[in-house]
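S.K.: Structure provided below as structure tokens; questions to follow.
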């Protein structure tokens with residue numbers, strides 16, 4: 001029997017309102033194909049278009065996960081729920097989101113909340129299961145709305161995804177795995193919005209020491225600074241392989257075995 005593949009397709013790498021609204025970079029989130037399990041993470045504006053463009057079928061999704069309700073992460077969540085459930089005609093799939101995205105000024109429309117087979121409310125220290133994939137939300141992030149990052153565990157790999165947050169000293173200690181995906185909006189720290197900067201990302205990478213790290217979710221300062229060149233410099237400085245995600249990039253987790 002052929003071994004099942006594990007890939008992450010970046011449907012977008014935009015990470016700030018200006019970059020998203022001008023669509024300098026796409027903002028569709030990420031599609032995780034982990035063995036037979038299909039997961040959509042943070043379907044921002046254009047997620048449906050980007051998935052279709054990559055020949056990814058939303059009707060095959062097992063779950064949609066939303067880290068938080070800001071529109072650059074949730075803009076297409078309603079249409080992707082429609083697509084996952086065949087317009088509500090087939091009650092299927094799972095939806096995971098923070099409480100304030102569902103119940104307090106919800107970004108998931110109330111009538112659509114009945115479409116998935118189940119809904120899981122994300123909480124600090126939570127553990128959740130999608131087929132043979134388990135994921136955790138180890139710590140509530142410091143962001144203007146309720147926000148979580150993730151540790152994904154498959155039968156073959158463990159990887160972490162640090163979503164939007166202000167840096168705090170304990171943050172790296174909550175994440176683990178051979179792969180770290182990290183949202184790096186700012187080139188330098190000090191912005192009024194709670195997002196990570198490149199020096200803070202470097203500190204996190206050095207503390208966690210994954211086999212590989214992927215930078216994504218770029219704001220304008222990061223994009224202008226050419227993130228692929230910044231990633232190359234981080235690789236030289238940390239001794240850890242760091243790459244910058246690109247719109248449409250498909251990362252095969254088998255690279256972690258090299």
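S.K.: Report those strands (runs of 3 or more DSSP E) wholly inside segment 1-108 carrying at least 1 residues which are modelled with pLDDT of 95 or more and surrounded by fewer than 24 Cβ atoms within 10 Å (Cβ to Cβ).
M.R.: The strands (runs of 3 or more DSSP E) meeting that bar are 6-12, 27-34, 37-41, 94-98.
S.K.: When you look at residue 146, is it over 26 Å from residue 256 (Cα atoms) and under 16 Å from the mean Cα position of the chain (by Cα), yes or no?
M.R.: Criteria met by residue 146.
S.K.: If you don't mind, there's one more thing I want to ask. Would you kindly identify the strands (runs of 3 or more DSSP E) lying entirely within segment 187-258 that contain at least 2 residues that are out of contact with any helix residue (DSSP H, G or I) (no Cβ under 7 Å at 6 or more places or on another chain)?
M.R.: Ranges flagged: 212-216, 250-252.
The values are calculated or read from the model by the stated rules, or taken from the named source; none is laboratory data. This one's a predicted model, so the numbers in the text were calculated from it and none came from an experiment. No Cβ is skipped: glycine too gets one built from the backbone with ideal geometry, and neighbour counts run over all protein chains shown.
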